[in-house]
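The values are calculated or read from the model by the stated rules, or taken from the named source; none is laboratory data. For clarity, every value in this text was computed on a predicted model and none was experimentally measured. Cβ coordinates were reconstructed from backbone atoms using ideal geometry, including for glycine residues, and neighbour counts include every protein chain displayed.
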Amino acid sequence: MKERTLAILKPDCLEKKVQGKVIQLIIDAGFAIKGMRLLQLSEDSAKKFYAIHKDRPFYGELVAYMTSGPVVPLCLEKENAVADFRKLIGATNPANADEGTIRKMYADSIERNIVHGSDSPENAKNEIAHFFNDSDLV
Ligand code: ADP
Ligand code: MG
């Protein structure tokens, strides 16, 4: 059964100008792009998106980083999309990410790690709704 997940190409991905390469890796891994936007996150929107981390020590820096430049949210679809996308991006800390993963290839640090991926189907639904109306999705 097809499943959807939410990806975000983070500000460092666009700063490094590797968004085209990362999108190609996503397509080559079999994900269909159902929605794609280019936008600047407001502080309020970033805080809301990462509210689950509001008590973590890195929350303030995370919000500052995610609002430091434009981002590209993507709604992706394939079978087992949530788990398979987490596999494709690799561990949060690129130092621990497997060879061939997007974070291993492109990320600099545990914070500036190029890409977001939803961690459960339930969170994916909420995260997709953060950026897309149903009518925006193809
Ligand atoms: P993931 O993005 O792999 O799901 P988390 O949900 O744990 O990771 O964290 C959300 C984001 O917060 C990470 O992708 C990263 O940008 C940042 N982050 C996570 N842990 C740290 C940390 N220890 N120090 C700084 N930033 C962090
Ligand atoms: Mg997470």
Listed by first then second residue, the pairs whose first member lies in the range 77-100 and is closer than 25 Å to residue 125 by Cα, whose partner is near ligand 1 (Cβ under 10 Å from one of its atoms) and of a type in the set (Ser, Thr, Tyr), with beta carbons under 8 Å and at least 6 positions apart or on separate chains, are 82/118; 85/118; 93/109
query: Condition test on residue 89, is it under 13 Å from the mean Cα position of the chain (by Cα), under 19 Å from residue 29 (Cα atoms) and either more than 11 Å from ligand 1 (Cβ to nearest atom) or not acidic (Asp, Glu) (or both)?
result: yes
Counting only residues that are of a type in the set (Ser, Thr, Tyr) and without any contact (Cβ under 8 Å) to a residue 40 or more places away in the chain, the range 30-56 contains a total of 2
Checked pairs for the range 113-136, first hydroxyl-bearing (Ser, Thr, Tyr) and modelled with pLDDT of 95 or more, second within 14 Å of ligand 1 (Cβ to nearest atom) and part of a helix (DSSP H, G or I), C-beta under 8 Å and 6 or more apart or across chains, list as 118/82; 118/85; 118/124; 118/127; 120/82
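Inspect the range 127-137 for any residue being within 13 Å of ligand 1 (Cβ to nearest atom) and touching a helix residue (DSSP H, G or I) at 6+ places or on another chain (Cβ under 8 Å) and give the result as yes or no.
The first filter runs over the range 127-137 and keeps only residues within 13 Å of ligand 1 (Cβ to nearest atom), leaving 127.
The next check asks that each one be touching a helix residue (DSSP H, G or I) at 6+ places or on another chain (Cβ under 8 Å); those that pass are 127.
Within the range 127-137, one or more residues are within 13 Å of ligand 1 (Cβ to nearest atom) and touching a helix residue (DSSP H, G or I) at 6+ places or on another chain (Cβ under 8 Å).
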All-but-one check, residue 7 against (1) of a type in the set (Gly, Ala, Ser); (2) without any contact (Cβ under 8 Å) to a residue 24 or more places away in the chain; (3) in contact with a His (Cβ under 9 Å, 6 or more places away or on another chain), failing number (2)
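Kindly indicate which of 34, 54 is surrounded by 14 or more Cβ atoms within 10 Å (Cβ to Cβ) and over 14 Å from the mean Cα position of the chain (by Cα). If you could, list the steps in order and put the result at the bottom.
Working: 54 fails: surrounded by 14 or more Cβ atoms within 10 Å (Cβ to Cβ).
The unique qualifying residue is 34.
Give the range 117-133 a look and list any residue that's within 14 Å of ligand 2 (Cβ to nearest atom), surrounded by fewer than 19 Cβ atoms within 10 Å (Cβ to Cβ) and among the small types (Gly, Ala, Ser), or say none. Before you say what the answer is, go through the steps one by one.
Going through the range 117-133, the residues within 14 Å of ligand 2 (Cβ to nearest atom) turn out to be 117-124, 126-127, 130.
Then drop every residue that is not surrounded by fewer than 19 Cβ atoms within 10 Å (Cβ to Cβ), which leaves 119-123, 126, 130.
Once the filter is applied, which keeps residues that are within 14 Å of ligand 2 (Cβ to nearest atom), surrounded by fewer than 19 Cβ atoms within 10 Å (Cβ to Cβ) and among the small types (Gly, Ala, Ser), the range 117-133 yields only 120.
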Could you check, for the range 61-73, whether at least one of its residues is within 16 Å of ligand 1 (Cβ to nearest atom), of a type in the set (A, V, I, L, M) and touching a Ser or Thr at 6+ places or on another chain (Cβ under 8 Å)? no
